[in-house]
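Reading through the structure tokens given below for one structure.
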Amino acid sequence: MLRRAVLAALLLFPAALAAEEEPDAAAPDAPFTLDNSACPAFLTGIWLANSQQDLGGALWHVTEALVFNPDGRIEQAFAAGTAGDDPEETKTFGTWTAGPGATSDRCAVTLIFEEGETRSVDVAALTGTRVLIEGQAFTRAR
């Protein structure tokens, strides 16, 4: 229940999340090496992606949240809209599994959504708190 409340709160404030500064790319992170045999434990938690784009004077915000639960359930929430308007939201549920990826810094993840869609995704660990999922940067929220 707490995760759903956190997820709902995050989706209500995409503009605030998008306004957070990105970490300085030149600043060194603490040394991190993924043990890709431990991908399920590494990925368990809440991951957020935020982006914005200027569409001719209207700022378009997109927020995506992935909740990888330790019991193998996944919750995906997506919210998008222009600043000042209520965002359009979608939520999807399903299951997930993860194992070692093709290289030591990657996890191979299978997502099976309730609607029947199955996706195999490559997750690249950038740091202990940042990953790339299908090219989209996500930051660990918890």
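Numbers at a glance
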read-out: GLU114-ALA102 pseudo-label distance in nm [points 7 Å out on the Cα-to-Cβ vector]; value: 3.3 nm
read-out: Per-residue ³J(HN,Hα) for region 35-45, Karplus 6.51 cos²θ - 1.76 cosθ + 1.60, θ = phi - 60°, Hz, x for Gly and Pro; value: 8, 6, 6, 10, 3, x, 5, 4, 7, 4, x
read-out: Binned Cα-Cα distances of region 53-142, short to long, each 10 Å bin given as a whole percent; value: 15, 41, 30, 13, 1
read-out: Nearest-0.05 FRET efficiency for ALA137 and LYS91, computed from C-beta distance (R0 22 Å); value: 0.55
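Any read-out appearing in this document is the output of simple, stated calculations on the displayed coordinates, not a laboratory observation. Computed from a predicted model, the values in this text were never measured in an experiment. For neighbour counting, all protein chains shown are included, and Cβ atoms are generated from backbone atoms with ideal geometry for every residue, glycine included.
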